[in-house]
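Enquirer: Can you read through this structure? Questions will come right after.
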Amino acid sequence: MCQGCDLSGAGLVYANLAGAQINQANLSQINLSRANLSGSNLSGSNLSGAVLFNANLTGADLRGADLRGADLRGSRLSGANLEGANLEGQIFGGSWAAV
């Protein structure tokens with residue numbers, strides 16, 4: 001979709017981005033509430049302060065992503081790869097755990 005692009009602050013609520021290539025992108029402060037990001041590549045992306053409330057991140061590649069302060073409440077993270085991701089200060093309440 002947009003490797004290395006700048007979508008900071010965008011509103012993509014309910015967006016269907018399953019399998020999208022959004023790696024190395026600036027997604028800080030983006031609103032991806034209830035978005036379908038299953039199987040998407042978000043590796044190395046800046047998702048600091050992002051709203052991922054009830055987002056589907058099943059099987060997403062989040063290796064090395066910056067998730068500082070991200071709202072992951074209710075998000076589905078089953079099978080997501082969070083290796084090396086910065087999870088400092090994120091909100092996980094009610095999220096499905098990554099395996």
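Read-outs: derived from the displayed coordinates by stated rules, not from any lab. A quick note: this is a predicted structure, and the numbers were derived from the prediction, not measured. With ideal geometry, Cβ positions are generated from the backbone for all residues, glycine too; neighbour counts draw on all protein chains shown.
Enquirer: Name every residue in region 6-48 that is at positive phi and not polar (S, T, N, Q), in order of residue number. Break it down into steps so the answer makes sense when it comes.
Expert: Our first condition is that a residue be at positive phi; within region 6-48, this holds for 9, 14, 19, 24, 29, 34, 39, 44.
Gly9, Tyr14, Gly19, Arg34, Gly39, Gly44 - these are the residues of region 6-48 that are at positive phi and not polar (S, T, N, Q).
Enquirer: When residues of region 59-75 are filtered for being surrounded by fewer than 24 Cβ atoms within 10 Å (Cβ to Cβ), touching a Phe, Trp or Tyr at 6+ places or on another chain (Cβ under 9 Å) and under 12 Å from Gln90 (Cβ atoms), how many remain?
Expert: 2
Enquirer: Examine region 37-58 for a residue that is of a type in the set (S, T, N, Q) and farther than 20 Å from Phe92 by Cα, and state whether such a residue exists. Give the steps one after another, and end with the answer.
Expert: Keep residues of region 37-58 that are of a type in the set (S, T, N, Q), which gives 38, 40-41, 43, 45-46, 48, 54, 56, 58.
Narrowing further to those that are farther than 20 Å from Phe92 by Cα: 41.
The answer is yes; a qualifying residue exists.
Enquirer: When you check Ser78 against the structure, is it buried (at least 21 other Cβ atoms within 10 Å of the Cβ), out of contact with any Pro (no Cβ under 8 Å at 6 or more places or on another chain) and assigned to a loop (DSSP other than H, G, I, E, B), yes or no?
Expert: Here the answer is no, as Ser78 does not meet what is asked.
Enquirer: Shifting gears a bit: Please verify whether Gly64 is assigned to a loop (DSSP other than H, G, I, E, B), in contact with a Ser or Thr (Cβ under 9 Å, 6 or more places away or on another chain) and not aromatic (Phe, Trp, Tyr), treating the condition exactly as stated. Can you show your working first?
Expert: Numbers: assigned to a loop (DSSP other than H, G, I, E, B): yes; in contact with a Ser or Thr (Cβ under 9 Å, 6 or more places away or on another chain): yes; not aromatic (Phe, Trp, Tyr): yes.
For Gly64, the condition - assigned to a loop (DSSP other than H, G, I, E, B), in contact with a Ser or Thr (Cβ under 9 Å, 6 or more places away or on another chain) and not aromatic (Phe, Trp, Tyr) - is met.
Enquirer: Check Ser8, Ser33, Ser38 and return the single one that is in contact with a Phe, Trp or Tyr (Cβ under 6 Å, 6 or more places away or on another chain) and not aromatic (Phe, Trp, Tyr). Spell out how you get there, then give the answer.
Expert: Working: Ser8 fails: in contact with a Phe, Trp or Tyr (Cβ under 6 Å, 6 or more places away or on another chain); Ser38 fails: in contact with a Phe, Trp or Tyr (Cβ under 6 Å, 6 or more places away or on another chain).
It is Ser33.
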